[in-house]
Amino acid sequence: MKGIVCKTFGPPESLVFEEIPSRPVGPTEVRVAVKAAGVNFPDTLIIQGKYQLKAEPPFVPGAEVAGTVLEVGEKVKHVRVGDLVAALLPTGGYADEVVAQGDQVMPLPRGMDPAEAAAS
């Protein structure tokens, strides 16, 4: 999959777009195909190492996404493969897909656009 990676702290221009590995889904996690991601001021602080959340490079920024459920851990019961959802993450949202904790994944209301959900 592809993602936007922060390899060293710096401005947005220092981010790189490259191939990144997928990781397995744990029993309490959900894999989501990202259709939209929120872009916020804290993201610009995180990639510069200036935010209260400290991520160590290399990492993929992005804390809010919306998309389609691809895979569900066996302990997750409130969403199913194919559902449209929003998810909150510490990092990782600027990628083709994310793995999020199940309790941070919410079904979207019928008719809600993923771009609207990620920006809300």
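The values are calculated or read from the model by the stated rules, or taken from the named source; none is laboratory data. Small disclaimer: the values here were computed from a predicted structure and weren't measured. We place every Cβ from the backbone using ideal geometry, glycine too, and count neighbours over all the protein chains shown. Heavy atoms of the whole protein, side chains included, go into the accessibility calculation; ligands, DNA and RNA do not. Shrake-Rupley method; radii C 1.70, N 1.55, O 1.52, S 1.80 Å.
Using the Cα centre as the reference, give the magnitude of the dipole from point charges on the C-beta atoms of the chain (Lys, Arg: +1; Asp, Glu: -1; all else neutral), rounded to the nearest 20 debye. Write down the numbers at each step before the final one.
On the way: 11 positive and 15 negative charges, 40 e Å.
Dipole magnitude for the chain comes out near 200 debye.
Under a Cβ-Cβ cut-off of 12 Å, what is the net charge of the residues other than LYS2 that fall near it, where Lys and Arg count +1 and Asp and Glu count -1?
Values: positive: none; negative: GLU18, GLU19, ASP96, GLU97.
Summing Lys/Arg as +1 and Asp/Glu as -1 gives -4.
Leaving out same-chain residues fewer than 8 places away, which lysines sit with a Cα under 16 Å from that of LYS50?
Partners found: LYS7.
Would you work out which of GLY26, GLY67, GLY82 lies farthest towards the positive end of the dipole of the chain? Charges go on Cβ: Lys and Arg +1, Asp and Glu -1.
Going by the Cα projections, it comes out as GLY26.
What is the diffusion coefficient of region 35-105 in µm²/s, taking the Kirkwood radius over Cα pairs and the Stokes-Einstein relation at 37 °C with a viscosity of 0.692 mPa s? Each step should come with its number before you reach the end.
Details: Rh = 12.8 Å.
In µm²/s, the coefficient is 256.
If you bin the C-alpha pair distances of region 76-120 every 10 Å from 0, what whole percents do you get?
24, 60, 15
Can you list the aspartates and glutamates whose alpha carbon sits under 12 Å from that of LYS54, skipping same-chain ones fewer than 8 residues off?
ASP43
Using the Kirkwood radius over Cα pairs, work out the Stokes-Einstein diffusion coefficient for the chain at 4 °C and 1.567 mPa s, in µm²/s as a whole number.
Numbers: Rh = 14.4 Å.
Rounded to a whole number, D works out at 90 µm²/s.
Please label the shape of region 1-71 as rounded, prolate or oblate, based on the square roots a ≥ b ≥ c of the eigenvalues of the alpha-carbon gyration tensor (a/c under 1.5 means rounded; beyond that, a/b larger than b/c means prolate, else oblate).
Numbers: a/c = 1.82, a/b = 1.69, b/c = 1.07.
It is prolate, given that a/c is not under 1.5 and a/b is the larger ratio.
Over the chain, what percent of the accessible surface lies on carbon and sulfur atoms, probe 1.4 Å?
Working: 3830 of 6710 Å².
Roughly 57 percent of what the probe reaches on the chain is carbon or sulfur.
With every protein chain present, what is the per residue accessible area of the chain (1.4 Å probe, Å²)?
56 Å²
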